[in-house]
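J.: Starting off with a structure, shown below.
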Amino acid sequence: GAVVSQHPSWVICKSGTSVKIECRSLDFQATTMFWYRQFPKQSLMLMATSNEGSKATYEQGVEKDKFLINHASLTLSTLTVTSAHPEDSSFYICSARAPRTANYGYTFGSGTRLTVV
Amino acid sequence: KQEVTQIPAALSVPEGENLVLNCSFTDSAIYNLQWFRQDPGKGLTSLLLIQSSQREQTSGRLNASLDKSSGRSTLYIAASQPGDSATYLCAVRLWNNQGGKLIFGQGTELSVKP
């Protein structure tokens, strides 16, 4: 139980276009989801906390107009990278807090490799 | 501000060895601590979760301990196998009034040689 599905697993886009990444909780409801960014050989950096039915909370230094987060339902959060540039190329991972039956541990999606050319 | 440190950054061992990965954190006021495994280009797989009131958790060849007062956790891997090669990340979870966030260490890259 407590599975998070993330799509797409990889995407290549042209500079200036927008890309949407989806994160779904498959067998539980997630009122809160988290979006991380990971550079090669580095750890995960929290970008924002996605709250169902309300605005996301962004970490310091993360541009909210560039990384749009929508959490319209209890099982789906999306991250849209707007007007992508090569420096946005990275590995993006979402996470959700599992329910009590899973000890409230965090479960992660499989990640999305974004390459902006 | 909570900071998490993992030592060593990289580790290479021959197959069959028992090994210990270390994780330290600066603020003992944590909700729980979780160990993850990450294979190259993949997401994170949860290995063990230790609640703040617990001292250790075991799963198969893995054993994780938690000493909250000293701000330390260790992940013990018994009889290592080449399939254990991956990056191991520890993360502490803050309390909900602090956002319930996970704060990650930099990871230990483990290589188990056949």
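The values are calculated or read from the model by the stated rules, or taken from the named source; none is laboratory data. All figures in this text were calculated on a predicted structure; none of them were measured in a lab. Cβ: placed from backbone, ideal geometry, glycine included. Neighbour counts: every protein chain shown. Each accessible area value is taken on the protein alone, full model and side chains, heavy atoms only, with ligands, DNA and RNA left out. Shrake-Rupley method; radii C 1.70, N 1.55, O 1.52, S 1.80 Å.
J.: Given the criterion basic (Lys, Arg) and under 15 Å from residue B:106 (Cα atoms), identify the matching residue among B:61, B:37, B:55.
T.: B:37
J.: Restricting the stretch A:62-117 to residues that are more than 14 Å from every other protein chain (Cβ to nearest Cβ) and in a helix (DSSP H, G or I), which is most open to solvent (accessible area, probe 1.4 Å)? Can you show your working first?
T.: Here is the first cut: in the stretch A:62-117, the ones more than 14 Å from every other protein chain (Cβ to nearest Cβ) are A:63-88, A:116-117.
Of the ones still in play, those that are also in a helix (DSSP H, G or I) are A:86-88.
On the way: A:86: 70, A:87: 126, A:88: 9 Å².
Taking the candidates together, the pick is A:87.
J.: Then there's this: Can you tell me which residue in the stretch B:61-114 is most open to solvent (accessible area, probe 1.4 Å), limited to those that are in contact (Cβ under 8 Å) with a residue 24 or more places away in the chain, at the interface with chain A (Cβ under 9 Å from one of its Cβ atoms) and not in a strand (DSSP E or B)?
T.: Checking each candidate, the answer is B:106.
J.: Separate question: Just give me the residues in the stretch B:13-44 being at pLDDT 95 or above and open to solvent by 40 Å² or more (accessible area, probe 1.4 Å), in sequence order.
T.: Answer for the stretch B:13-44, where residues must be at pLDDT 95 or above and open to solvent by 40 Å² or more (accessible area, probe 1.4 Å): B:14, B:15, B:16, B:17, B:18, B:20, B:22, B:24, B:26, B:37.
J.: Are there any pairs with C-beta distances below 7 angstrom linking a residue in the stretch B:34-45 that is more than 7 Å from every other protein chain (Cβ to nearest Cβ) and assigned to a loop (DSSP other than H, G, I, E, B) to a residue that is open to solvent by less than 50 Å² (accessible area, probe 1.4 Å) and modelled with pLDDT of 95 or more, with the two at least 6 apart or on different chains, and if so which?
T.: B:39/B:86
J.: Restricting to strands (runs of 3 or more DSSP E) lying wholly in the stretch A:9-59: which have 3 or more residues that are open to solvent by less than 70 Å² (accessible area, probe 1.4 Å)?
T.: Ranges flagged: A:19-25, A:32-38, A:44-51.
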